[in-house]
Amino acid sequence: MRDGIRLAGDLYLPGCWSVDGPPLPVVLEYIPYRKDDVAPDSRFYEALVIRGYAVARVDVRGTGASQGVTADEYTPEEQLDGYDAVEWLAAQPFCDGHVNMMGISYGGFTALQVAARAPKHLTSVIPIDFTHDRYTDDCHYRGGLLRMYYDPGFYGSAMVARNALPPSPSPGEDWASTWEEHLAGNEPYLLRWLRHQTDGPYWRNGSVGDDADRIRCPVFMIGGWRDGYPSPPFELYSRLTVPRKILVGPWNHELPDEAIPGPRIDYVREVARWLDHWCKGEDTGIMDEPPVVVFEQHWDPPLVDRIDTTGVWRGETAWPPPGASELVLHLGEAGKLSAEPAADGRDSFEYVPTVGLCGGLWSAGVPFGLPGDQRKDEALSLTYTTEPLDRDLHVLGRPRALLHVDSTAEVVGFCVSIADVSPDGESHLVAKGMLNATRRLSFTDPTPLEPGEVAELDIPIDATAWRFDAGHRIRIAIASADFPNVWPTPEPAQNGVHRGPAYPSHAVLPVVPPRGSADPPEFVPAPKGVAAFSSPPRPPTWEIVEDAFTGRTTVRAAFSTESRIDDQSVLAEEFLILAHIDPRNPAAASAHGKHRSRRTRPNNVIEARSAVTIQGSATHFHITISLEVTLNEAPYFRRRWTESVRRELL
């Protein structure tokens with residue numbers, strides 16, 4: 001790199017390729033998840049190599065086998081390293097000058113961030129399950145509310161342990177000094193995230209929605225409706241000026257050939273068609289197909305362990321879709337939801353911190369967690385429901401809610417859910433949005449609510465594609481919690497929603513014609529199937545426990561993975577997620593995570609364990625993080641971090 005740091009990477013080439021052969025286009029995945037822990041036939045590496053591409057997997061600085069240290073994700077140095085890696089690859093004899101970037105989640109983020117730096121030889125990017133805005137729509141904050149279970153329980157805790165594992169010993173490489181450098185210098189990312197509770201320069205770095213005009217290469221965006229990032233592809237599509245495509249299925253945060261719910265597709269085929277067009281000049285037909293292709297979801301019973309979704313693919317020639325319109329649904333008296341404005345009135349509800357338990361687990365890596373029947377949450381929420389529909393209603397895009405509210409609390413959130421209610425009463429979550437009311441005017445300079453004062457909230461809701469069937473009803477549910485997905489606000493509260501001509505609270509649905517403006521392509525099914533998470537002999541656990549005496553509620557989720565990296569190496573990982581809330585004292589909510597990464601080789605077992613606790617109080621978040629590394633069961637390294645961070649209207 002330009003500062004002398006050396007990044008480590010693995011290169012995958014076709015078995016028939018030789019140095020005397022023709023150079024190849026390259027696909028780069030640039031992430032911190034340890035190239036040495038990946039089997040060579042996993043992900044898309046083998047599939048793209050078979051199709052005539054070289055694939056490079058590079059560890060970002062301070063992670064895996066790369067030199068340097070890391071204390072945060074998506075740093076400017078990391079982005080410049082990515083730029084340099086693209087140009088270095090383009091200059092190698094195996095490369096024909098075309099370098100593409102592709103990846104899911106972190107790899108999707110880095111692909112777009114490097115694209116915004118506009119390296120000369122970056123031919124295209126294929127980001128999967130990504131965001132355009134690191135503050136408003138990412139895994140740390142949502143609508144100005146702090147995420148709860150995810151960082152301490154999964155991602156933040158796992159990275160503490162993963163970043164403490166050594167590189168694989170390699171001839172000619174000083175892997176031991178790289179390991180010691182990581183142990184001495186790496187810091188938990190989570191501390192930075194909690195120190196920056198409002199939007200600002202810290203979060204603008206790497207938020208590619210701000211820099212879309214700087215992206216000069218074509219972009220193929222892939223996402224899922226049950227992923228944690230369903231809206232960013234559409235937000236970014238509208239800002240890009242380069243050739244671009246969107247493909248969104250019903251999927252969670254997994255690659256489209258193994259995600260739930262299905263249908264799953266052979267997405268590598270679509271990626272190869274895209275690459276063949278831009279790198280080889282082949283007429284694959286992909287750019288003749290509609291630029292926006294989505295899966296329109298239809299009603300299914302809301303089972304948390306379902307593996308498929310009913311629906312159809314639809315294509316659109318533009319975004320917003322041709323023929324799109326807005327359906328305004330007004331909140332009315334007696335819980336009615338109607339296109340007709342209602343009389344003036346005010347409806348009240350209590351802030352119940354445990355609402356959200358039926359909404360599933362926000363999806364950005366935990367492999368399960370689909371939403372179930374919403375009626376238990378709705379019983380503790382303020383709900384408005386239409387009459388049964390007299391015809392099918394097709395929704396595609398990003399709904400929003402405009403609410404006029406008051407509260408007895410200075411700090412409180414408002415969560416809005418849209419559900420499809422079947423004739424038998426089952427309620428299936430379609431999409432959700434939320435806003436910390438203290439961020440109603442600004443994400444950078446929050447202001448407390450004045451108790452009793454009416455405030456206007458404009459709440460964006462996740463993008464979706466959904467058909468509401470004739471005979472079904474549309475329901476809007478309003479609450480002040482989404483436990484355990486976002487952190488409970490600290491004050492008990494009685495809230496009000498005002499409606500009628502004086503305060504026209506309403507929801508807006510983006511409605512489209514029954515058929516898309518273009519025929520969708522035909523996809524090839526995924527080459528392998530998936531099983532329900534409850535089917536293995538040792539399934540993951542996802543438990544909700546309520547103390548009958550106190551009402552104290554705990555969410556516990558645990559799962560493990562094990563994979564063979566090569567003939568001599570096995571990687572095993574364990575995840576434990578805990579979130580606690582006492583509804584009588586939401587300020588004291590807490591979240592905990594434990595992670596274990598264990599790598600086994602002949603005569604060598606290295607294990608890293610991390611534990612994270614965030615304990616809330618009325619004024620602070622108290623954070624404790626511990627790391628232990630053992631070598632052949634003997635202690636090798638230990639470190640801990642303790643910090644208290646003041647709550648900034650959270």
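How far is helix 76-90 tilted off the main Cα axis of the chain, in degrees rounded to 10, range 0 to 90? With rounding to tens, the tilt is 50 degrees. Charges were assigned to the Cβ only: +1 to each Lys and Arg, -1 to each Asp and Glu. The resulting dipole of the range 159-261 about its Cα centre is roughly 500 debye.
For the range 137-157 and the range 322-358, what is the separation of their C-alpha centers, rounded to whole Å? Measuring centre to centre over Cα atoms gives 27 Å. A crude spin-label estimate for the pair Arg640 and His298, with each label 7 Å from Cα along the Cβ direction, gives 5.7 nm. Across the range 45-181, Cα-Cα pairs farther apart than 26 Å form 33% of the total. Each of Ala532, Val38, Gln615 was placed along the dipole of the chain (beta-carbon charges, centred on the mean Cα), and the one lying farthest toward the positive end is Gln615.
Sparse packing (at most 16 other Cβ atoms within 10 Å of the Cβ) combined with a DSSP loop state is found for the following trypsin sites (Lys or Arg not before Pro) in the range 263-364: Arg306. Separation of the range 166-206 from the range 219-262 is 28 Å, based on Cα centroids. Asn604 label point, 7 Å along Cα→Cβ, cut-off 19 Å on backbone N: hits in the range 570-584? Residues 570-573 fall inside that zone. Helical content of the chain, expressed as a calculated mean residue ellipticity at 222 nm, amounts to -3500 deg cm²/dmol (DSSP H runs of 4 or more residues, -39,500 (n - 2.57) each, divided by residue number, nearest 500).
What does the C-alpha gyration tensor say about the overall shape of the range 470-607? Classify as rounded when a/c is under 1.5, otherwise prolate if a/b is larger than b/c, or oblate. Note, shape of the range 470-607 comes out oblate.
The spacing between the range 402-465 and the range 552-597, judged by their C-alpha centroids, is 29 Å. Annotation: aspartates and glutamates with alpha-carbon distance below 14 angstrom to Lys280 (same-chain offsets under eight excluded): Asp96. Of the residues Val69, Gln79, Tyr106, the one whose Cα sits farthest toward the positive end of the charge dipole of the range 55-114, with +1 on the Cβ of Lys and Arg and -1 on the Cβ of Asp and Glu, is Tyr106.
Give me the net charge of Phe549's neighbourhood, meaning all other residues with Cβ under 14 Å from the Cβ of Phe549; Lys, Arg count +1, Asp, Glu -1. Neighbourhood net charge equals -1. On the beta carbon distance between His622 and Asp392, with R0 = 60 Å, the FRET formula returns roughly 0.70.
Over all pairs of distinct alpha carbons, what does the Kirkwood formula give as the hydrodynamic radius of the range 385-459, in Å? For the range 385-459, the Kirkwood estimate is 14.5 Å.
Under the simplified labelling scheme, the Ser534-Lys336 pair shows an inter-label distance of 3.9 nm, with each label point 7 Å from Cα along Cα→Cβ. Here the convex hull built on the C-alpha positions of the range 1-51 has a volume of 119 cubic angstrom per residue. Percentage of Cα-Cα pair distances in the chain greater than 48 Å, rounded to whole percent? Cα-Cα pairs of the chain separated by over 48 Å account for 12 percent. When only the Cβ of Lys, Arg, Asp and Glu is charged (+1, +1, -1, -1), the dipole of the chain relative to its Cα centre reaches about 680 debye. Cα gyration tensor of the range 489-532, axes a ≥ b ≥ c as square roots of the eigenvalues: rounded (a/c below 1.5), prolate (a/b > b/c) or oblate? Note, shape of the range 489-532 comes out oblate. The charge dipole of the range 421-567, taken about the Cα centre with unit charges on the Cβ atoms of Lys, Arg (+1) and Asp, Glu (-1), comes to about 280 debye, rounded to the nearest 20. Note on the range 153-210: dipole from Cβ charges, positive end direction compared against Thr198, Trp179, Pro169; the farthest Cα belongs to Thr198. Tell me whether the range 304-396 comes out rounded, prolate or oblate; compute the Cα gyration tensor, take square roots of the eigenvalues as a ≥ b ≥ c, and use a/c under 1.5 as the rounded threshold. Oblate, since a/c reaches 1.5 and b/c is not below a/b. Principal axis extents of the Cα atoms in the range 311-356, from largest to smallest and rounded to whole angstrom, are 44, 31, 18.
No value in this document is a laboratory result; all are computed from the given coordinates. Worth saying up front: this structure is predicted, and the values here are computed from it rather than measured. When we count neighbours, we look across all protein chains shown, and the Cβ atoms used for this are built from the backbone with ideal geometry, even at glycine.
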